[in-house]
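Here the structure is laid out as structure tokens; the discussion comes afterwards.
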Amino acid sequence: VQLQASGGGLVQNGDSLRLSCAASGPMFVTYGMGWFRQAPGKERAFVAGISWIGDKSLYADSVKGRFTISRDNVNQTVYLQMNSLKPDDTAVYHCAATKAHDGTTRIDLYNYWGQGTLVTVSS
């Protein structure tokens, strides 16, 4: 599976942004998907995950109620809708695919990674 993230940019505190992750390759529908982010000087951290058919989702506490992950298996795309953005959300966001069908928060279980898209939230 090859992944291409897009949709990042510079926004202001409180704004919204939607990230997309386009996948190519067979068997996409069998993978759980996730979004991670890496802020400057910090380790990559889990943000959100979704099961292979989209019926289950997982969120980091820091984004619950503000971010929503979804997927379109027909078009092989995963989305991350980010609302009420804060400066602390500034990071490079990566999408990833895992063989864990229900998704997982564990970074070590993700097998494929996209290149990342930068989100900058100004105060």
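Some observations on this one:
- Flag if PHE36 is touching a helix residue (DSSP H, G or I) at 6+ places or on another chain (Cβ under 8 Å), open to solvent by less than 60 Å² (accessible area, probe 1.4 Å), closer than 16 Å to THR120 by Cα and not small (Gly, Ala, Ser): yes
- Filter pass, ASP55 being open to solvent by 50 Å² or more (accessible area, probe 1.4 Å), more than 20 Å from GLN115 (Cβ to Cβ) and either without any contact (Cβ under 8 Å) to a residue 24 or more places away in the chain or in contact with a helix residue (DSSP H, G or I) (Cβ under 6 Å, 6 or more places away or on another chain) (or both): yes
- Identity of the residue in segment 18-28, assigned to a strand (DSSP E or B) and farther than 11 Å from GLN2 by Cβ, that ends up least open to solvent (accessible area, probe 1.4 Å): LEU19
- In summary, strands (runs of 3 or more DSSP E) completely within segment 71-121 and bearing 1 or more residues that are surrounded by 22 or more Cβ atoms within 10 Å (Cβ to Cβ), hydrophobic (A, V, I, L, M, F, W, C) and under 12 Å from the mean Cα position of the chain (by Cα) occur at 77-82, 91-98.
Let's see how each residue does on (1) free of Cβ contacts under 8 Å to residues at least 60 places away in the same chain; (2) under 18 Å from TYR93 (Cα atoms); (3) open to solvent by less than 30 Å² (accessible area, probe 1.4 Å):
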| residue | (1), (2), (3) |
| --- | --- |
| GLY8 | no, yes, no |
| SER16 | no, yes, no |
| THR30 | no, no, no |
| ASP61 | yes, yes, no |
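- Each residue in segment 64-82 was checked for being out of contact with any strand residue (DSSP E or B) (no Cβ under 6 Å at 6 or more places or on another chain) and not basic (Lys, Arg), and 5 of them qualify.
- Any chance VAL47 is open to solvent by less than 60 Å² (accessible area, probe 1.4 Å), assigned to a strand (DSSP E or B) and either on the phi > 0 side of the Ramachandran plot or touching a residue at least 12 places away in the same chain (Cβ under 8 Å) (or both): yes
The values are calculated or read from the model by the stated rules, or taken from the named source; none is laboratory data. Only a predicted model underlies this, so the values are computations on that prediction, with no experimental measurement involved. Cβ: placed from backbone, ideal geometry, glycine included. Neighbour counts: every protein chain shown. Just so you know, the surface numbers come from the protein's heavy atoms only, side chains and all, with ligands and any DNA or RNA stripped out. Shrake-Rupley method; radii C 1.70, N 1.55, O 1.52, S 1.80 Å.
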